[in-house]
1. Go through (1) assigned by TED's automatic domain parsing to the domain that holds Ala10; (2) farther than 30 Å from Ala10 by Cβ; (3) among the charged types (D, E, K, R) for Glu23 and report which single condition fails.
2. Is it the case that some residue within segment 62-76 is acidic (Asp, Glu) and at pLDDT below 95?
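The values are calculated or read from the model by the stated rules, or taken from the named source; none is laboratory data. Every value quoted in this text rests on a predicted model; they were computed, and no experiment measured them. With ideal geometry, Cβ positions are generated from the backbone for all residues, glycine too; neighbour counts draw on all protein chains shown.
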Amino acid sequence: MMNTTLLEQASQLDIDEQIELVEAIWNGIVNRGVAPSITDVQKRELDGRLADYLAYPNDVLSWDEVKAAALAKISE
């Protein structure tokens with residue numbers, strides 16, 4: 001159960017402080033070396049993506065292509 005007092009206190013922070021808090025919490029989770037469990041929906045999605053990649057291994061984009069497309073979309 002979430003501590004609602006902590007949530008109320010966090011909601012009083014400005015947006016930059018809230019982002020810093022979220023980053024600090026996330027980094028603390030990562031530093032524990034524990035990965036969150038995935039849901040059945042996420043597992044099915046990952047399995048589907050892997051099957052698609054195995055069926056069409058050449059139908060991929062490089063990071064540079066993905067990044068360029070994302071930056072072009074932002075610039076519109």
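1. (2)
2. Within segment 62-76, one or more residues are acidic (Asp, Glu) and at pLDDT below 95.
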